[in-house]
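One structure below.
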Amino acid sequence: MFPQVRMRRLRNGKIREMVRETSLSVNDLIYPMFIDENIDSPMTMSSMPGVSRLPVEMASDEAKEAADLGIPAVILFGIPSNKDETGSNAWDENGVVQRAVHEIKNELGKDVYVITDVCLCEYTSHGHCGVVDMEKEQILNDPTLPLLGKTAVSHALAGADMVAPSGMMDGMIKSIRNALDQNNCKDIPIMSYAVKYSSAFYGPFREAADSGYSFGDRSSYQMDPANSDEAIREAELDILEGADVIMVKPALSYLDILHRIKTKFNIPTAAYNVSGEFAMIKAAGRMGWLDEKKIMYEVLLSIKRAGADMILTYFAKDLARMLQ
């Protein structure tokens, strides 16, 4: 006890770094990209400074910039030229994500790991993540599952290294795993958005991905922010259905969930540092209220410390430059 024990002894000079328990590496990062087949030049996002929608032809350039910074992986979100009630462009072999994957892999090969978001919300006219009974305004779980399977297969055949289903449909991992296996894509891993909360932090993303909804909200299929035990059940079910990596989304307000998931299952675990978390820090930094770089680092370090093996973040390029 004090005065013999003094915790401050290990906080000065090089020893401070030597006893550091958590470290951030560029290898922890996944960089989200928005690919829009309706544009021929980048479209900036007012709520997400530094983030743009990109035409398909620029996808490989953006991925190369990330790879040159040492970022190992990107995740692609697509904005199609046509939307319909079932989101049929999502599994079109010439769809926006499929073309972007092809461009990136042709240009960069194994230099970048390409993950694709598998969901229908960017492709449906109503903006929801599945087939909808419009009369009842109800999102239909089971009819959506084969569509997610077809979408995942089309991404894999285009060259994706991993698929990441985000729609929070019950049974989606089993359906996608079966579809991949039946189409000679047994080696394609699945990163499941296993624990995805119905969060207000997604607001800026909806501008970036053009994925707003025409009625209601997504609380009937995304999780209640009040629930923690439910997250354990969601993750366990997805693991049993074949998920190789599980994700918690959002990250910052759900660090307790992230820690529980990692401690309970001890499998590769991702966390999504979402658009609202990004936008808040950028806005406060621009106003001079916070030191943007220090806050960015502290936030991402907290996500890693809570248990994330990989972090999806719009700060990926900023952090990579800082770590250099």
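Can you return the lysines within cross-link range of Lys83? Criterion is Cα-Cα under 19 Å, with same-chain partners fewer than 8 residues away left out. Straight-distance partners of Lys83: Lys150.
Tell me the carbon and sulfur percent of the accessible area for the chain, rounded to whole percent, probe radius 1.4 Å. Before the final figure, lay out each step's value.
Numbers: 7250 of 14930 Å².
Within the chain, the accessible surface is 49 percent carbon and sulfur.
Distances between placed amide hydrogens fall under 5 Å for Glu122 paired with no residue 5 or more residues away or on another chain. With the cut-off at 19 Å, tell me which of the pairs Lys196/Lys293; Lys293/Lys317; Lys196/Lys264; Lys64/Lys186 have Cα atoms farther apart than that. Pairs exceeding the cut-off: Lys196/Lys293; Lys64/Lys186. Residues whose amide H lies under 5 Å from that of Gly95, counting only those 5 or more places away or on a different chain, are absent; hydrogens are built 1.01 Å from N in the peptide plane.
Protection proxy ranking of 265-274, 1-10, 80-89, by the mean of other Cβ atoms within 10 Å over each peptide's residues and highest first, is 265-274, 80-89, 1-10. Between Met280 and Lys264, the modelled labels are 2.4 nm apart [label points 7 Å from Cα along Cα→Cβ].
Go through 23-31, 286-294 and give me the packing order, highest mean Cβ count within 10 Å leading. Mind showing how you got there, number by number?
On the way: 23-31: 18.2, 286-294: 12.3.
Per-residue Cβ counts within 10 Å, averaged per peptide and sorted highest first, yield 23-31, 286-294.
Determine the gain in length on full extension of the stretch Met18-Asp187; use 0.36 nm per residue of separation and subtract their C-alpha separation, reporting nm with one decimal.
Working: separation 169, 0.36 × 169 = 60.84 nm, distance 3.89 nm.
Net length gain for the segment: 56.9 nm.
Computed from backbone phi, the HN-Hα couplings of the range 251-266 come to 9, 5, 8, 10, 5, 5, 5, 4, 5, 4, 4, 5, 5, 6, 10, 6 Hz, rounded to whole numbers (Karplus: 6.51 cos²θ - 1.76 cosθ + 1.60, θ = phi - 60°; Gly and Pro given as x).
Label zone of Leu301 (point 7 Å out along Cα→Cβ, amide N under 20 Å): in the range 4-31 this covers 7-30.
Determine the gain in length on full extension of the stretch Asn27-Glu107; use 0.36 nm per residue of separation and subtract their C-alpha separation, reporting nm with one decimal.
Working: separation 80, 0.36 × 80 = 28.80 nm, distance 2.10 nm.
Gain in length upon complete extension: 26.7 nm.
In the range 112-139, whose amide N lies under 20 Å from the spot 7 Å out along Cα-to-Cβ of Asn82? List them in ranges. Residues 119-128, 130-132 fall inside that zone. Using the Karplus relation 6.51 cos²θ - 1.76 cosθ + 1.60 with θ = phi - 60°, the per-residue 3J(HN,Hα) values for the range 89-103 come to 5, 4, 10, 5, 5, 9, x, 5, 5, 4, 5, 5, 4, 4, 4 Hz, with x marking Gly and Pro.
Applying 1/(1 + (r/R0)^6) with R0 = 30 Å to the Cβ-Cβ distance of Leu10 and Arg321, what FRET efficiency is obtained, to the nearest 0.05? Given R0 = 30 Å and the Cβ-Cβ separation, E is 0.50.
Hey, can you grab everything whose amide H is under 5 Å from the amide H of Val274? Only 5+ residues off in sequence or another chain; H modelled, so Pro and N-termini drop out. Distant-sequence amide H within range of Val274: Ala251, Leu252. In terms of packing, defined here as the mean over residues of other Cβ atoms within 10 angstrom, the peptides 147-155, 109-117 line up highest first as 147-155, 109-117.
The values are calculated or read from the model by the stated rules, or taken from the named source; none is laboratory data. Note that the structure is predicted; figures quoted are calculated from it, not measured. Ideal geometry is used to build each Cβ from the backbone, glycine not excepted, and the neighbour counts take in all protein chains shown. With ligands, DNA and RNA removed, areas are computed over all heavy atoms of the protein, side chains included. Shrake-Rupley method; radii C 1.70, N 1.55, O 1.52, S 1.80 Å.
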